[in-house]
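Just below is one structure, and these are the notes that go with it.
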Amino acid sequence: MTPQEVQAWADVAVRLAGVGIQVANLIHGWIVQAHPTLTPEETHAAYQALMANDDVREALAKQAAGLA
Amino acid sequence: MKKYLVLFAIVAFGCAKTPLQVATAAHDSLGLAQDIEAQLCWDAPDALHGPAVKTSCTSSTAKDIGLTDARHRLFNEKLASAINLHKQVTAQLDAGKTPDYLALNAAIVDVLSLIGQLQQTPKVQQMKTLVQQGGAK
C-alpha cells in the first residue's frame, strides 16, 4: 500500500475507533477486500503500517482514556 | 579529570542517535508499550483489538498487577499526550527545525510514574523499558 492509502485507512480507523466500534477485524477485512491480490504477509504488513500511524495510536489511547 | 571529560564526550558523541532515529524509536516504542498495556488490560493482541468499551480492564492479569480502571485511563491519557507530542516533534524535524523534546520527555516521565505503581512483572518491566526508549533526548 502507498503511504497515502495507509493514511486513508488510518483516517477510517480513527473515525471508527472514536465511536466505539471494535475495528480490528473490520479494518483487516477491508484491506483484504480493497487489495485482494495481497499475500497474507503483505496484508499483515499493511496492518502493521496502519498501527504505526500516530493518529491511530493517539485515537486509540484517547478512547481508552475515555476522552474520545 | 579533563581527560575523563574528553573521553565521556567522545563516547557520548559516538553513541548519539540522529534526531530522526530518535523520533522513529520513540514512535515505535510508544506504540509497542500501548500494545503491551492492551495485553495486560484486556488480553488483546494489540490496542486495536481491544473491546468496544475501552475504558475498563477485563483481564485477571490487570487485577493481579494493580492495573485499575483509573490507572488504565490515566496511562492512556498520558500516552495520548506523548504520542501527540511525538507527532509535533516529527513535524518539526520534517520542517528542518530543532525539535523541542522537553514536553515529550515530561509526558514520558508521567507515564513511567504510573507504570511504577504496578506490580513489576516481566511484562510490566518490558512496557517500562519501551516507554523509557520513547523518552527522546
Discussion item. Any residue that is hydroxyl-bearing (Ser, Thr, Tyr), without any contact (Cβ under 8 Å) to a residue 40 or more places away in the chain and part of a loop (DSSP other than H, G, I, E, B) - is there at least one of those in the range B:42-55?
Written reply: yes
Worksheet item: When residue B:54 is evaluated against the numbered criteria (1) farther than 23 Å from residue A:51 by Cα; (2) of a type in the set (D, E, K, R); (3) open to solvent by less than 10 Å² (accessible area, probe 1.4 Å), which criterion, by number, is the only one it fails?
Response: (1)
Worksheet, complete the sentence: Considering only helices (runs of 4 or more DSSP H) wholly within the range A:14-68, the ones with at least 2 residues that are at pLDDT 85 or above and surrounded by 21 or more Cβ atoms within 10 Å (Cβ to Cβ) are A:54-65
Discussion item. I'm told residue B:34 meets every condition in (1) in a loop (DSSP other than H, G, I, E, B); (2) within 10 Å of chain A (Cβ to nearest Cβ); (3) among the polar types (S, T, N, Q) except one. Can you identify the failing condition by its number?
Written reply: (1)
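One line per residue, one yes/no per condition, for (1) under 21 Å from residue A:49 (Cα atoms); (2) at pLDDT 90 or above:
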| site | (1), (2) |
| --- | --- |
| B:44 | yes, yes |
| B:49 | yes, no |
| B:61 | no, yes |
| B:77 | no, yes |
| B:82 | yes, yes |
| B:107 | no, yes |
| B:116 | no, yes |
| B:120 | no, yes |
| B:125 | no, yes |
Discussion item. Can you report the number of residues in the range B:71-118 which are charged (D, E, K, R), farther than 18 Å from residue A:58 by Cα and assigned to a helix (DSSP H, G or I)?
Written reply: 1
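The values are calculated or read from the model by the stated rules, or taken from the named source; none is laboratory data. The structure displayed is predicted, hence computed values, not measured ones. So basically every Cβ, Gly included, is an ideal-geometry build from the backbone, and we count neighbours across all protein chains shown. Remember, those area values only see protein heavy atoms, side chains included, never the ligands or the DNA or RNA. Shrake-Rupley method; radii C 1.70, N 1.55, O 1.52, S 1.80 Å.
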